[in-house]
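Working notes for the structure below.
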Amino acid sequence: MVGYDPRADGRNISSFEVAVAGSVSGLVTRALISPLDVIKIRFQLQIERLSRSDPNAKYHGILQAGRQILQEEGPTAFWKGHIPAQLLSIGYGAVQFLSFEMLTELVHRASVYDARDFSVHFVCGGLSACAATLAVHPVDVLRTRFAAQGEPRVYKTLRDAVATMYRTEGPLVFYKGLNPTLIAIFPYAGFQFSFYNSLKHMYEWAMPAEGKKNGNLKNLLCGSGAGVISKTLTYPLDLFKKRLQVGGFEQARVTFGQSPSPQVRSYRGLLDCAKQVLQEEGARGFYKGLSPSLLKAALSTGLVFFWYEFFCNLFHHMRTANSQP
């Protein structure tokens with residue numbers, strides 16, 4: 001069970017074990033879905049339409065983009081920015097799941113609301129994600145910069161990136177895109193946790209008795225479904241976040257188009273970004289990169305919840321075994 005459940009007090013694990021389970025789930029998942037994340041970011045940052053009919057578009061499909069990146073930059077390109085991405089996943093997972101467990105328990109003990117309600121999971125999930133975002137946002141900016149740069153690379157190492165960004169853009173560069181990130185992450189994570197809980201109840205109701213024995217499959221499928229629903233509902237805000245995070249970094253974007261002078265844009269803020277995307281790319285521009293994002297969301301959310309529940313149950317069984325005489 002993700003979140004505090006008064007009926008499951010027997011599953012007693014420490015806050016440290018909750019943080020470790022969240023960290024490891026994020027680490028394993030990040031390593032597996034990194035290629036999709038790189039492709040998604042490239043799609044989001046391309047101004048040209050993601051279509052074969054646009055001669056200036058460098059990328060127009062998941063498989064085509066994968067082949068193009070592989071040919072031009074080699075297989076390691078799919079793990080560009082992997083070190084900051086792993087730091088992001090480890091820190092984010094620990095803070096998010098620990099905060100969520102603490103908040104849902106607080107709701108149960110200090111209010112009349114049921115800690116398992118959809119609305120409670122939505123609010124607690126959103127707040128826990130905001131806390132995690134504030135803790136690791138500088139690493140997210142670094143990860144986005146690394147994944148966004150083509151060849152030749154602007155930043156050679158993580159240390160070089162930190163020093164260059166601080167010197168040329170100032171300390172606030174590490175919090176670029178924070179406002180749209182917080183605006184996007186609250187409903188996204190809120191929907192993730194609440195839909196995950198709801199889908200598990202639907203699974204229990206719909207599946208025959210013999211199908212309920214495989215809890216790991218249930219966690220994976222319900223997590224994937226929650227990820228797809230959440231990403232679809234909140235995707236435009238994620239696109240705005242990525243566009244704002246690479247502001248001031250346009251020189252790395254020039255390889256993302258095939259015209260002699262590929263299009264680059266600068267934005268004055270969230271509303272200006274939304275206005276420019278709508279005017280120049282149309283309403284469909286809000287959903288650029290949605291296909292790899294949905295695939296990534298299904299895999300990443302499913303795997304995160306799968307591994308989190310797996311490690312929580314593992315820690316519980318270890319505690320139970322150690323407590324027996």
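Evaluated over the Cα positions of the range 1-150, the convex hull gives a direction-averaged projected area, one quarter of its surface, of 10.8 nm². Rolling a 1.4 Å probe over the protein heavy atoms of the chain, with every protein chain left in place, gives an accessible area that is 64 percent carbon and sulfur. Computed from label points 7 Å out along Cα-Cβ, the spacing between L27 and A283 is 4.5 nm. Our estimate of slack between L134 and L233, defined as 0.36 nm per intervening residue step minus the Cα-Cα distance, is 33.4 nm.
The slack between T320 and N56, meaning 0.36 nm per residue of separation minus the straight C-alpha distance, is 88.9 nm. In this structure, the pairs whose alpha-carbon distance is over 28 Å, taken from K200/K296; K58/K218; K80/K231, are K58/K218.
Per-residue ellipticity at 222 nm from helix content only, as computed over the chain with -39500 (n - 2.57) for each DSSP H run of at least four residues, stands at -24000 deg cm²/dmol. Packing-based ranking of 121-127, 226-232 yields 121-127, 226-232, ordered from highest to lowest mean Cβ neighbour count within 10 Å. Once both labels are positioned 7 Å from their Cα atoms along Cα-to-Cβ, the gap between E204 and L106 label points is 2.6 nm.
Treating each Cα of the range 97-208 as one equal point scatterer and applying the Debye formula with no solvent, the log10 of I(q)/I(0) at q = 0.13, 0.14 Å⁻¹ comes out as -0.65, -0.70. Solvent-accessible area per residue in the range 1-74 equals 42 Å², computed with a 1.4 angstrom probe and all protein chains kept. Efficiency by 1/(1 + (r/R0)^6): what FRET value for Y113 and S291, r their Cβ-Cβ distance, R0 = 51 Å, to the nearest 0.05? Once rounded, the FRET efficiency stands at 0.85. Just so you know, the Cα atoms of the chain work out to an Rg and Dmax of 20.7, 75 Å. Neighbours of Q86, meaning other residues whose beta-carbon lies under 11 angstrom from its beta-carbon, give a summed charge of +2 when Lys and Arg score +1 and Asp and Glu score -1.
Placing dummy labels 7 Å off each Cα toward the beta-carbon, the span from D272 to T157 is 3.6 nm.
P(r) for the range 261-323, from all Cα pairs and a bin width of 10 Å, is 17, 24, 20, 16, 12, 9, 1 %, short bins first. Within the chain, helices built from complete DSSP H runs that reach 27 Å or longer along their own axis (Cα positions) and carry a mean Kyte-Doolittle hydropathy of 0.0 or higher are 15-45, 82-110, 118-148, 178-206, 215-245, 290-323. Only Cα sites of the range 1-73 enter the Debye sum here, all with the same form factor; the resulting log10 I(q)/I(0) across q = 0.12, 0.15, 0.22 1/Å is -0.55, -0.65, -0.97, listed in q order.
The values are calculated or read from the model by the stated rules, or taken from the named source; none is laboratory data. None of the values given here were measured: they were computed from a predicted structure. Glycine also receives a Cβ, built like all others from the backbone with ideal geometry; neighbour counts cover every protein chain displayed. Heads up: the accessible areas ignore ligands, DNA and RNA and are worked out on the full protein's heavy atoms, side chains in. Shrake-Rupley method; radii C 1.70, N 1.55, O 1.52, S 1.80 Å.
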